[in-house]
């Protein structure tokens, strides 16, 4: 089979899985829906592997294939096919998305068992994976936008999965609105490109763009900035990031799926996919690099102070995506996508570990309440620690190689980029610190009552309440289920976390500088047109970067150890000493308040103005009221003529007849 | 004999009928006057038919007669109905269909 045939199969399995679980939920017993959905994604992953093998069989210059199913639309000069593009980049994305999603499905089978909306959950999950695969396989901007919007809709459904929980639905709406802002940006960007090149097909656009647009011309920069709006909204970069921490309201597997491995990487994928455009508009690429750097340091600083376990990981996701955006913006495409892959492994692992801990706490997510789970949850402890090591970039883990490659490329560009690279190293230090802040505060120290209970063999299921607000809840559909599930007691959860832990450690071997550059060589056919193709940091620089990164990781971990383990009094002392800084961090740099003041409240005021002045005075009073008055005046005239007097009617008739006769007499003479 | 005499006579009869419809209040008389107007029309039709040597007008006059007969049947039926219910036999009193 040709690679594109495999590509269609990759798309078909999740779609079929979604239909089966969505329509058959009534007849699927127990965990049946979960197994079917997991199998669908597993088959999709197998098809992606088939796609990889079929693609590798071909010579290097023929590794970009377009498979067309039918013409999607062809009207008014705009033609778009329902076509998929199979090249190394999309194959890589398919492998990462379907592979990690498969493990997350497996995890969810156990994790969501007691939830009343079990089958609905898996239908959503499959729909999400289908949308994401459509996004990465699309061969033109139209289909990309379709997948893009599907992903936004699926994330809305999943974030507000517990739809009776007010905080969850609010978070879902927030995510959806911000994603739609991104969609609009992407549509405008695609339109600007279409206006210039007359096509929406990737290859045609990339081919014609250099002829049509001059380098850094206004239109191409505008188009790239609009595409960036879309990418930043999906990838939670400043200032469109506020939805991501709130999206932690969804079930933990959703956080692992959407906010670690797949959806948030869509923006990085988009920038990498549109690299010929960004190389044509270096100004836009610089904006992207600067915003990526700002996000990575901002998110790392907030993660230092956040007390919600999942939010700490969410901010670390933002921070790591910032690295990827920086990477693909400075033309380090291989490095950025390498980090995308390793991050998908260790971040999904961290979320799964966090889910296990939260389950053991009976749904409580606050770090302040946790502690001492090491003995009661050894498997979770070790896998979480591995994930944290990879996140921190500890030497020889996967994150070590991928993150430092990005920074080495950034420093190699010189000029302004050196500043960005240095900021990246500072953030790496912070990353190591907050990663081990989680490990130390959750797993070490004195065991909390829940951990003690678990050591005694009893699982604490918590009192059913919203952890954010404390509101009472039942365990029916639309709320979390009655029981919690931890990795130590559920083999599917272990089966999901084990391979991820392994990959988080060893995935780095795909990209050891100077030794095994397998990953970059694989992506070469996609990026060989890049004008920075030959620009590489020297091996010495790369190893110096690795040493600096490794040092940052070790120092960060050591500081965290001193801070949380050896000298716990230091914590409150620092907090008091830097009370102002702490307040800013705990309030997430007041971004929510800023948006509230700048966007939400003026919007609400505008809405009120519309309702009171425009709607009730103008529309209701003038437009509607005026029409009603006019009709009423006309009808009262007609009514007065209908007086019921037969002789009056006869008189009118004769009058009319006489008038007609007179008229014809005058005309005829 | 010139056609204009017939037409003038027809116009006279029509005006008499119309004046009757307008001025009388008894439905019975109004019906009679309506009949006058219809027959004035018939007279004009037949006069023109004769002038043109064409039979169409005469056929049409027959049709008008049929319609007039039907109308009288219905009109008289209504008047008998009103009489039975002891309603006033006066068209000005019957204005319930006003808007």
Item to check | The lone exception for residue B:41 - which of (1) within 30 Å of residue A:639 (Cβ to Cβ); (2) within 14 Å of chain A (Cβ to nearest Cβ) it fails | outcome: (1)
Item to check | the range B:84-99, residues that are within 20 Å of residue A:647 (Cβ to Cβ) and either away from every other protein chain (no Cβ under 12 Å) or surrounded by 10 or more Cβ atoms within 10 Å (Cβ to Cβ) (or both) | outcome: B:87, B:88, B:89, B:90, B:91, B:92, B:93, B:94, B:95, B:97, B:98, B:99
Checklist entry - Which ranges mark the helices (runs of 4 or more DSSP H) fully within the range A:554-669 that have 3 or more residues being on the phi > 0 side of the Ramachandran plot and more than 14 Å from chain B (Cβ to nearest Cβ)? => result none
Item to check | Selected residue (only one of A:245, A:210 is more than 19 Å from residue A:270 (Cβ to Cβ), assigned to a helix (DSSP H, G or I) and more than 13 Å from the chain's Cα centre (by Cα)) | outcome: A:210
Next on the checklist: Tell me whether the range A:408-424 contains one or more residues that are over 28 Å from the mean Cα position of the chain (by Cα) and within 25 Å of residue A:481 (Cα to Cα).
Outcome noted: no
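Does residue A:129 satisfy the criteria of being over 15 Å from residue A:267 (Cα atoms), touching a residue at least 12 places away in the same chain (Cβ under 8 Å) and touching a strand residue (DSSP E or B) at 6+ places or on another chain (Cβ under 8 Å)?
no
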Checklist outcome for this item: Of the residues in the range A:431-457, those that are surrounded by fewer than 17 Cβ atoms within 10 Å (Cβ to Cβ) and assigned to a loop (DSSP other than H, G, I, E, B) come to A:446, A:456, A:457
Checklist entry - Would you call residue A:295 at pLDDT 85 or above and under 22 Å from residue A:412 (Cα atoms)? => result yes
Checklist entry - What are the residues in the range A:154-175 that are part of a helix (DSSP H, G or I) and either touching a strand residue (DSSP E or B) at 6+ places or on another chain (Cβ under 7 Å) or surrounded by 18 or more Cβ atoms within 10 Å (Cβ to Cβ) (or both), if any? => result A:154, A:155, A:156, A:157, A:158, A:159, A:168, A:169, A:171, A:172, A:174, A:175
Item to check | Test: residue in the range B:21-31 that is part of a loop (DSSP other than H, G, I, E, B) and in contact (Cβ under 8 Å) with a residue 12 or more places away in the chain | outcome: yes
Checklist entry - Is one or more of the residues making up the range A:538-549 surrounded by fewer than 11 Cβ atoms within 10 Å (Cβ to Cβ) and not in a loop (DSSP other than H, G, I, E, B)? => result yes
Next on the checklist: Any residue that is exposed (fewer than 13 other Cβ atoms within 10 Å of the Cβ) and part of a helix (DSSP H, G or I) - is there at least one of those in the range B:42-50?
Outcome noted: no
Checklist entry - Does the range A:499-518 contain at least one residue that is loosely packed, with under 15 Cβ neighbours inside 10 Å, at positive phi and not in a helix (DSSP H, G or I)? => result yes
Next on the checklist: Checking the conditions here, which among A:484, A:458 is farther than 17 Å from residue A:322 by Cα and out of contact with any helix residue (DSSP H, G or I) (no Cβ under 7 Å at 6 or more places or on another chain)?
Outcome noted: A:458
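Could you count how many residues in the range B:64-79 are closer than 18 Å to residue B:25 by Cβ and away from chain A (no Cβ under 14 Å)?
Residues flagged as closer than 18 Å to residue B:25 by Cβ and away from chain A (no Cβ under 14 Å) within the range B:64-79 amount to 1.
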Item to check | Members of the range A:359-385 that are assigned to a helix (DSSP H, G or I) and surrounded by fewer than 24 Cβ atoms within 10 Å (Cβ to Cβ) | outcome: A:367, A:368, A:369, A:378, A:379, A:381, A:382, A:385
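The values are calculated or read from the model by the stated rules, or taken from the named source; none is laboratory data. This is a predicted model, so every value here is computed, not measured. Neighbour counts run over all protein chains shown; Cβ positions are idealised from the backbone, glycine included.
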